[in-house]
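Following: one structure in C-alpha cells, then a few remarks.
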Amino acid sequence: MPARRASTRLPRLLTALVLLLLASAPARDAAAQARIAVVDVQHAVMQTEDGIRAQATLKKLFDRRQQELDGKQTELQRAREDIERQSRVLSREALQKRMEDWQRQMVELQTVFVDYNKELQKKQGELTAPVIKKMMGVINRLAKKNGFELIIDKQAAPYARPDLDLTEQVVQLYNSGGEGGDAPAEKPGEKPGEKPPEDKPKEEKK
C-alpha cells in the first residue's frame, strides 16, 4: 500500500513541475528580450565639445585664482620670516602686534581659499548643467528609437558587459546635434564586444 501511494503522488508532482516551468517561461523570455544599456554620464559630458569648452573655461578661472592664492601665501611666508628675524630687536608689544596682524592675514587667506572653492563649484555647475540636460535628451531619444527599456549610469553599475556601453555613441550623437541614431546590433554568432571580421577583397578574374 505505501508503494502504491508513492506512485500516485509522482505523476502529480511531475504535473505541478511542468505547470510551474510553463508559467515561468514567459517571464524568462521577457527578461531575455529586455534591452538594457549603460552610459558613463560624467565621462560623456566631459568628452563632448561643450564639455571640453567648459573644462577650458574652468581651468582658466582655477589658474587665475590659484595664482592669486600663491601670491598671498608667498607674502605671508616672507612676513613670517621677517618677524622671526626681528624678534630679538623688537619690543614685546611690537612683536605681539605684528604676530596678531600676521595671524589675521592668515585667517583672511583661508577665508579667501574657501570662497574661491565655492566660486569654482558654482561656475562648474553653471557650465555643466546645460550640457547634462542636453545629454539626458540625447540618451532619452536614443533609448526610445532603439527600444531600450533601461539605460543606467555606468558609475552605478558594479559590472556591465562592454557591448552594453553606449557612452561613445552618445558623445558622437551629442556632438552631431543630438539626434538618436541606431544602436549597434549584435550579429548572429558574434561574441559581445568582438569586432566583426573584415571582408576580404575579391580577386579579379583574368
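Every read-out reported here was derived from the displayed coordinates using simple, explicitly stated rules and does not represent laboratory data. Since the structure is predicted, the reported quantities are computational estimates derived from the model, not experimental observations. A quick note on method: Cβ atoms are made from the backbone with ideal geometry, for glycine too, and the neighbour counts reach across all protein chains shown.
How high is the relative contact order of region 34-175, in percent, counting Cα pairs under 8 Å that sit 6 or more residues apart?
Relative contact order for region 34-175 comes out at 60 percent.
Which pairs in the list Lys97/Lys122; Lys60/Lys133; Lys72/Lys134 are over 29 Å apart, alpha-carbon to alpha-carbon?
Over 29 Å Cα-Cα: Lys97/Lys122; Lys72/Lys134.
Kindly identify region 109-154 as rounded, prolate or oblate by the Cα gyration tensor criterion: order the square roots of the eigenvalues as a ≥ b ≥ c, call it rounded if a/c is under 1.5, otherwise compare a/b with b/c, prolate if a/b is larger, else oblate.
prolate
For Val112 and Lys97, compute 0.36 nm times the residue count separating them, minus their Cα-Cα distance, and round to one decimal in nm.
3.1 nm
Treating the beta-carbon of each Lys and Arg as +1 and of each Asp and Glu as -1, no other charges, what is the dipole magnitude of region 34-175 about its Cα centre, to the nearest 20 debye?
220 debye
If R₀ is 30 angstrom, what is the calculated FRET efficiency for the pair Arg161 and Lys134, using the beta carbon separation as r and rounding to 0.05?
So the FRET efficiency works out to roughly 0.65.
Which of Phe62, Leu95, Val38 sits farthest toward the positive end of the charge dipole of region 34-175, with +1 on the Cβ of Lys and Arg and -1 on the Cβ of Asp and Glu?
Positive-end residue among those listed: Val38.
Strictly greater than 21 Å: what percent of every Cα pair in region 34-175 meets that?
Everything past 21 Å amounts to 61 percent.
Please rank Lys72, Lys97, fewest neighbouring Cβ atoms within 10 Å first, as an exposure proxy.
Arranged by neighbour count, lowest to highest, Lys72, Lys97 become Lys97, Lys72.
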